[in-house]
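For reference, the structure is listed below as structure tokens.
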Amino acid sequence: MSHPAQAIVLYRFARSGHSHRAELFLSLLGLPVTPIDVDLAGGQHKTPEYLAMNCFGQVPVIRDGDVTVADSNAILCYLASRYGAEHWLPREPAQAAQVQRWLSVAAGQLAYGPCAARLITVFGAKFNPEEVIARAHALFVILDAELAQRDWLVGEQVTIADIALYSYTAHAPEGNVALDAYPHIRAWLARIEALPGFVAMPTTAAGLRA
């Protein structure tokens, strides 16, 4: 596994699960990082300089030498391909497809369920709480059943699929989504938290954690 010639610059917002996805994977890979906190309240993500890195004005973004990558899932794919052992992003077609499937879940059901529920309580977003909490539980019922069959989402080793779903699942209680009914999810979260190099996302006193 190679290492970058210089530290990878991570543009982040500490309480963003999307940012944490990238931060966690960088740490698990043991890569040198220079974190830069983006002032979202001050509109830094909408400046011309930032939009040149990410035209959607979102965090996270990484700069690895002359390579700039935006979008948390794209960052996971890039880092796994560039610096990770093969188990992070398998090349075998069927397993590669399964990883992609879960990345789609992270950008879909996870974003519009647990993530959206947390956006209400932590950031004051104007979503319908009942709707997004119900969506979160619908996802977690499926996720718990999947994890009852195996330790990791794809294959026999941890992949970026697990990393993509970790942050907003672990912090779902902040959005009033309880994890009590999902023992296999809780065991999976603990397995990720036991990985060498794990770093936690800051918790907020919101929702069920208030």
Can you figure out the FRET efficiency of Glu86 with Asp180, using R₀ = 45 Å and their beta-carbon distance, to the nearest 0.05? 0.80
When ligands, DNA and RNA are left out and all protein chains stay put, how many square angstrom of accessible area per residue does the chain have with a 1.4 Å probe? 46
Taking every pair of alpha-carbon atoms in the chain, what share in percent sits in each 10 Å bin, from 0 to the bin with the longest distance? 8, 35, 38, 17, 2
HN-Hα J couplings of the range 161-176 from phi, Karplus 6.51/-1.76/1.60, θ = phi - 60°, integer Hz, Gly and Pro as x? 4, 5, 5, 5, 9, 5, 4, 6, 6, 4, 9, 4, x, 5, x, 6
How many angstrom separate the Cα center of the range 21-79 from the Cα center of the range 113-147? 25
In terms of modelled amide H atoms, which long-range or inter-chain residues lie less than 5 Å from the amide H of Ala178? none
Karplus ³J(HN,Hα) for the range 87-104 (6.51 cos²θ - 1.76 cosθ + 1.60, θ = phi - 60°; Hz, whole; x = Gly/Pro) runs 5, 5, 9, x, 8, 4, x, 5, 6, 4, 5, 5, 4, 4, 4, 6, 5, 5
Sulfur and carbon atoms: percent of accessible area, the chain [1.4 Å]: 55
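The values are calculated or read from the model by the stated rules, or taken from the named source; none is laboratory data. Not measured: the values here are computed from a predicted model. Cβ atoms come from the backbone with ideal geometry, glycine included; neighbour counts cover every protein chain shown. Areas reflect the complete protein model, heavy atoms only, side chains present, ligands, DNA and RNA absent. Shrake-Rupley method; radii C 1.70, N 1.55, O 1.52, S 1.80 Å.
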